[in-house]
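**Student:** The structure under discussion is supplied below as C-alpha cells; questions concerning it will follow.
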Amino acid sequence: MINQDEDRNTKNNEQEIKLGYADVSLKTTEYYHDNIIDVYAQISNLTARNADVELKVYEDSLDGDIVFQRTIKDVTNADSVVVPFELDRSKMHVTPGKDKLYIVKVTTEDEVCTGDNQYLLLLPTLESEITGVQICDGRANLTYDYDTNKNKSYQLTATTTPTGVKANVNWSSSNNAVATIDASSGNLTIKGTGTAIITAKADDSAKATVTVTVKSVDKTAPKNVKVNSVKVDSVTLSWNALTAVSNKGKFTKVSTVKNAKKTTFLDKKVSSKKMYYYKVRAYKTVKGKKIYGAYSVVKKVKCK
C-alpha cells in the first residue's frame, strides 16, 4: 500500500445519501498508520424520525466477503453516531498497481422508510506492492533450549509474494531479553528464557510473525529424598545417587537411573557398620549434552 505518514488524515469523504423517507448523511474519514487503516463512519439522521441503520463493509464487491458489520438502533437527528473499524493492509488481497475496493453500505428499513446506499472506499496500491510474507516456510512457532543455545545465532528466512518483486524486509523482536534479531539480515540470537514475537515486515506493508520460545531444563533439586531400607549389605534410595565415606569426603557416582519414572535405587556396594552419605540430582540430555539440575540435601545412612 502507499506509505502514508503516521496518523495522516488522507481525505475526508462526505456523501449525503437518502434512505427512503429518511435523510441520512454518511461521512467517512480514513487515517493511515503503519499497516492499519482506521476508518470512521459517521452516520447522522437529518429528519425528526428515528431510524435503525445497518452498516456493512464489503471487500471488492457486494458479492465479496463482509469484513465488518454493525447495526445501530434509533439514530436520531440530535446525535450522530460514529462507527469505527480498521482495515489491515498486510491481510489484503490486492493486485499491484490497482486500487483496492471496499464498499461501505448503509441500509435502513421500517414500516415507513426503506432504502439503502453505499460509499466506495478506494485504496491505491503500488506497482511493486508486496502482498504477503512468510517466515521459515510459514511456521508459527520456533522453540529453543536455553542451556545448549545461549548466545547462539540462527538465520531466519522470509519469503515475499509476488516472487518477482524486490522487497526490503525489516525484522524486529518484541522481547530482546529472550531473543534479538538483526533488523536487516534476520539473524536471531538466543539471550534468555521466555517468549518473543519476531516480526518480518516488507516495505511497511505486508508482514508476518513467528513466536520464539526459549526454555531451560528444570534444575530444581529432587525433593523428599528418602532412605527406604538399610541392611547389612545394601541401602535403598533413589536415582543418580553419589556416596562418600564421610560428610566432607569426595562423592563418587554410584549409579544413573535413566527411567525418569523410577524413583528408587538399591546400592549393594556398601559395608556393614560404615557411614554413607547420599545426594541425588536429575539431568536431561539435550542434543547429546547432559544438563544437570541441583543436588538434593545430603542423606546420612549407617549400615547395620
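**Student:** Look through Ile72, Ile103, Ile36, Ile43 and report the one residue that is more than 19 Å from Tyr119 (Cα to Cα), touching a Leu at 6+ places or on another chain (Cβ under 9 Å) and either modelled with pLDDT of 75 or more or crowded, with 18+ Cβ neighbours inside 10 Å (or both).
**Tutor:** Answer to the selection: Ile36.
**Student:** Out of (1) at pLDDT 80 or above; (2) crowded, with 16+ Cβ neighbours inside 10 Å; (3) of a type outside the set (Ser, Thr, Tyr), what's the single condition that is false for Val82?
**Tutor:** Result: Val82 fails condition (2) only.
**Student:** A further question on this structure: Of these, Ser205, Ser229, Ser255, which one is hydroxyl-bearing (Ser, Thr, Tyr), in contact with a helix residue (DSSP H, G or I) (Cβ under 7 Å, 6 or more places away or on another chain) and modelled with pLDDT under 70?
**Tutor:** Being hydroxyl-bearing (Ser, Thr, Tyr), in contact with a helix residue (DSSP H, G or I) (Cβ under 7 Å, 6 or more places away or on another chain) and modelled with pLDDT under 70 holds for just one of Ser205, Ser229, Ser255, which is Ser205.
**Student:** Could you tell me how many of the residues in the stretch 187-211 are over 12 Å from Trp171 (Cβ atoms) and either surrounded by 21 or more Cβ atoms within 10 Å (Cβ to Cβ) or aliphatic (A, V, I, L, M) (or both)?
**Tutor:** 3
**Student:** Any chance you could count how many residues in the stretch 122-153 are at pLDDT below 85, in a strand (DSSP E or B) and in contact with a Ser or Thr (Cβ under 7 Å, 6 or more places away or on another chain)?
**Tutor:** 3
**Student:** Hey, can you tell me all the residues within the stretch 59-110 that are in a loop (DSSP other than H, G, I, E, B) and polar (S, T, N, Q)?
**Tutor:** Ser61, Thr76, Asn77, Ser80, Thr95 - these are the residues of the stretch 59-110 that are in a loop (DSSP other than H, G, I, E, B) and polar (S, T, N, Q).
The values are calculated or read from the model by the stated rules, or taken from the named source; none is laboratory data. Since this is a predicted model, take the numbers as computed values, not measurements. Cβ atoms come from the backbone with ideal geometry, glycine included; neighbour counts cover every protein chain shown.
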